[in-house]
1. I'm spelling it out carefully: the read-out is Rg/Rh (Cα atoms, Kirkwood Rh), the candidates are [x] 0.98; [y] 0.94; [z] 1.08, and one was derived from this structure. Which label?
2. Go through ALA84, LEU151, GLY213 and say which Cα lies farthest out towards the positive end of the charge dipole of the range 70-216; charges sit on Cβ, +1 for Lys and Arg, -1 for Asp and Glu.
3. Please list, or write none, the lysines whose alpha carbon is within less than 28 Å of the alpha carbon of LYS4, excluding same-chain residues fewer than 8 places away.
4. Please give the peptides 227-240, 280-293 ranked by average Cβ packing (other Cβ atoms within 10 Å per residue), highest first, as a rough proxy for protection.
5. Using a 1.4 Å probe over the heavy atoms of the protein chains, calculate the carbon and sulfur portion of the accessible area of the range 376-415 as a whole percent.
6. Cut-off under 27 Å on the C-alpha distance; same-chain residues fewer than 8 positions from LYS147 excluded. Which lysines are left, in chain and number order?
7. Nothing charged except the Cβ atoms of Lys and Arg (+1) and of Asp and Glu (-1): what's the magnitude of the dipole of the range 133-290 about its Cα centre? Round to the nearest 20 debye.
8. With +1 assigned to the C-beta of every Lys and Arg and -1 to the C-beta of every Asp and Glu, and no other charges, what is the dipole magnitude of the chain about the Cα centre in debye, to the nearest 20?
Amino acid sequence: MMKKRILLIAATTGYQTRAFAEAGEALGYEIQLATDRCHVLDDPWGDRALALRFERPDRAAREIEKAGPFDGIAAVGDRPAYVAAVAAERIGARFSPAAAVEACRNKFLARERFRDAGLLVPGFRRIALDADVDRAADEARYPCVLKPLGLSASRGVIRANSRAEFTAAFERIRKILASPEIVRVHEDQDRFLQVEDYIPGQEFALEGLMTGGEFHAVALFDKPDPLTGPYFEETTYVTPSLAPDAVQRAIGDATERAVRALGLTDGPVHAEMRVNGDGVWMLEVAARPIGGLCARALRFESGLTLEGVVLRHAAGDPLGSLRLDRPSRGVMMIPIPRAGVYTGQTGLEVARDVPGVEDVVITAKEGQRLLPLPEGASYLGFIFAAGDAPAEVYRSLTEAHSRLGFEIMEALTVL
C-alpha cells in the first residue's frame, strides 16, 4: 500500500517543522517539506525540501504542482498558510480559500469582516507608515494599541496611554517594518499599521479544525498571565479553561461567527480573543495551528499530538478521540528578558524534575542574538506540563521557569 504523501509548507526557521516531520513519520506518511530557503543552494539541510518563493505565491503554486501529486497540504505559519491556500486551489487539495486566508493574516481586513458580521470590534483605523505622526497622535483615543497589519505573535504590538507614547510606538513599529527580513518580501500591508481602542479583559485561545465549512473546537486555553501592555508577550497557555460554561459557549459561538465571516472552510484554526463584561472580542483568527512548539502541549487519548491531528486532517483520515490524555495540559513560552547574545543556561535538569513537568526544550542557540518584544520574534524555549487540574499545571510551569537561568551577554556595537 502506497504511503500518503503530504506537503508541509513552513518557513525555514520555523520551530514546528521537525515536530510535524516526526509526527508524519510516526503516522506512516511521506512528508514533502517546502520552505522559503534559497533555491540556489543544493539541499543545504539534507531534507530534500522544495525551495519556494513565498513572496511569489502563484509561482510557488506552480512549483508545487510540478512536485505533486499530493494527498494533502498542511502549513506552519501565516505566510506559508497563504501559499498553501493558493497551491491548494491550483491542485484541487482541501484547504481554505486563498482570499479567506489572506484576510486572516491582515489585521485590517479581518477587523472589517468581523465588524460586518456584527461581532464586537474595537474602534480601529489603518494609517500609512509615511503619515503625519503628530496628526495621528492627536486623532487617537487613549488608551489605544498600535500594531503592524501582518506580523504575528504580538510582534510590534504596543499599547499607548498618551500622545508621547503613541509617537514613540509609531516610530518603533516603523523601524521593525523597515528591517531587511520584512522589506524583502514586498507585502503591501507592511506599508501600514493599525490603531485600535484598547480592550480590557481576560485573554483566551481556541484551537480548532474546519471541515467542509464546519468548525470543531479542539481545546480552549486560558492565558493566566495578565496581558495589559505596554507589550503583549504571551507566555502561558493552560487547558481546559476555568471560565464559566456560559463564557466558554460564548467564545465558541463568536469563533464560529468569525471563521464564517472570514470564509474559512478547511484546515486548522487558531483563534485568540478577549472577554469582558461586554462579551467576546475576537483579536485574531489564523488559518494555521498554534505557533512555535506549543502544539506539543496537546496530546490526545488516541495517542496523537496536535501535529498528528493536523496531518491526518490534511490527509482526510479519521482523527480518533480528541479528548486530552490527561485532565489538564499547558505550555509556557519562555520569554526573552533582555536584548543580547545568548551564551547558555543553567538549571535545565532541575526544572525538568519539577512535578508535573514533562519536558523543557531550549530553542535558543549559543551565539544567537536575542531581541525581546516588541522587536523580537522568538522565545528562549518551551516548558510543557500536565496534571490533574489547570491550577496544578500552572504551578508546575511557573516553578520550572523560576529554576532556569539564562546567560545573555550584551551585544557589542561594531563601529
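1. Only one option fits the structure, namely [y].
2. Of the options given, the answer is LEU151.
3. Filter leaves LYS66.
4. Packing proxy ranking, top to bottom: 280-293, 227-240.
5. Solvent-exposed carbon and sulfur of the range 376-415 make up 55 percent of the total.
6. Answer for LYS147, where 27 Å is the Cα cut-off: LYS107, LYS175, LYS223, listed by chain and number.
7. Here the range 133-290 has a charge dipole of around 380 debye.
8. 580 debye
The values are calculated or read from the model by the stated rules, or taken from the named source; none is laboratory data. Everything numeric in this text was worked out from a predicted model, so none of it was measured. A quick note on method: Cβ atoms are made from the backbone with ideal geometry, for glycine too, and the neighbour counts reach across all protein chains shown. Areas reflect the complete protein model, heavy atoms only, side chains present, ligands, DNA and RNA absent. Shrake-Rupley method; radii C 1.70, N 1.55, O 1.52, S 1.80 Å.
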